[in-house]
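The values are calculated or read from the model by the stated rules, or taken from the named source; none is laboratory data. Because the structure is predicted, anything quoted here is derived from the model rather than measured. Heads up, the Cβs are rebuilt from the backbone with ideal geometry, glycines too, and the neighbour counts pull from every protein chain shown. Quick note on the areas: whole protein, heavy atoms, side chains included, nothing else; ligands and nucleic acids left out. Shrake-Rupley method; radii C 1.70, N 1.55, O 1.52, S 1.80 Å.
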Amino acid sequence: MSGIIGKKVGMTSLFSTEGKNIPCTVIEAGPCVVTQIRTVEKDGYSAIQLGYDDAKEKNTSAPLKGHFAKAGVAPKRKLVEFKTFEDEKALGDTVDVTLFEEGEFVDVVGTSKGKGFQGVMKRHGFGGVGGATHGQHNRLRAPGSLGASSWPSRVFKGMRMAGRTGGERVKVQNLQVLKVYPEQNLIVVSGSIPGAKGSYVIVDK
């Protein structure tokens, strides 16, 4: 599985040849540089490590400085490993948006927006009074009855309750690549992807 690291730029829309208005997301993908090559003999598995987004020397730890110096590249903010690539890569090689072609489908991984502590209606889509929630008559957004009877005398683990929402790793699959702009290092994919504007994303082929 080959791929690239990028940043979410924002959302827009494009018109198809049939005149349909397609919502899409613009991603600044790469250029990424190969910072390490994992081998079965040395590491027990094979993978290619890519680095993206230049970092300042003062913000880079000493071990990472040595890691980047060994590869002969400038310090990077984001490092991600990819299992396989279509062609052989060497330390210092660059991977850019020419990896993708218009019309193919990709998977995008990102960190969803954190929403803090939320109730059951926002977090799990409970219906409230007159809807899916039961056991309430005057509290519109309450969760309702949760526990059982004298057995088990507790609430089971995993019960849908209020809690911290968002800020999780999310993968959206089968998004079509609508446009590729090699000069600006941009690709446009159909639909929405997780994360805020400017957040890191991983695009897998």
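Taking Kirkwood radius over Cα pairs in Å as the quantity of interest, determine which of (i) 18.8; (ii) 16.7; (iii) 20.2 was computed from the displayed structure.
(iii)
Order these peptides, 105-114, 186-195, 79-88, by their mean beta-carbon neighbour count within 10 angstrom, highest first. Display every interim value, and only then the final one.
On the way: 105-114: 17.5, 186-195: 19.5, 79-88: 13.5.
Descending mean neighbour count gives 186-195, 105-114, 79-88.
So how tilted is helix 62-71 from the main axis of the chain? Cα-based, degrees 0 to 90, rounded to 10.
Approximately 50 degrees, to the nearest ten.
Given +1 on the Cβ of Lys and Arg, -1 on the Cβ of Asp and Glu, and no further charges, what dipole in debye does the chain carry about its Cα centre, rounded to the nearest 20?
So the dipole magnitude of the chain works out to roughly 1660 debye.
Explain nothing, just the number: relative contact order of segment 1-60, from Cα pairs under 8 Å at least 6 residues apart, as a whole percent.
Normalised by residue count, the contact order of segment 1-60 is 28 percent.
In segment 70-193, what % of DSSP beta bridges are antiparallel (nearest 5)?
About 95 percent, rounded to the nearest 5.
Report the relative contact order of the chain, percent, no decimals, based on alpha-carbon pairs under 8 angstrom and at least 6 residues apart. Before the final figure, lay out the partial values.
Values: 450 pairs, mean separation 62.1, N = 205.
Dividing the mean separation by the residue count of the chain yields 30 percent.
Tell me what the chain gives for mean residue ellipticity at 222 nm when only DSSP H runs of n ≥ 4 count, each as -39,500 (n - 2.57), the sum divided by the residue total, rounded to 500 deg cm²/dmol.
-2000 deg cm²/dmol
Leaving out ligands, DNA and RNA, what percent of the accessible area of segment 60-105 is carbon and sulfur, probe 1.4 Å?
49 percent
Based on the mean of other beta carbon atoms within 10 Å per residue, what is the order of 146-152, 37-43, 23-29, 6-12, most packed first?
23-29, 6-12, 37-43, 146-152
So which residue, out of Asn174, Asn138, Asn21, gets the largest mean-square fluctuation from a GNM of the chain using Cα contacts under 10 Å as springs?
Looking only at Asn174, Asn138, Asn21, the biggest GNM fluctuation is shown by Asn138.
If you stretched the chain out fully between Ile22 and Ser145, how much longer would it get, using 0.36 nm times the residue separation minus the C-alpha to C-alpha distance?
Stretched fully, the Ile22-Ser145 segment lengthens by 40.0 nm.
Find the accessible area per residue for the chain; the probe is 1.4 Å, ligands and nucleic acids are left out, and the unit is Å². All intermediate terms of the calculation are to be shown ahead of the outcome.
Values: 12350 Å² over 205 residues.
That works out to 60 Å² for each residue.
Normalised by the number of residues in segment 45-122, what is the relative contact order in percent for Cα pairs under 8 Å and 6+ residues apart?
Relative contact order of segment 45-122: 33 percent.
Of all accessible surface on segment 133-205 at a 1.4 Å probe, what whole percent is carbon and sulfur?
About 51 percent, which is the carbon plus sulfur part of the accessible surface.
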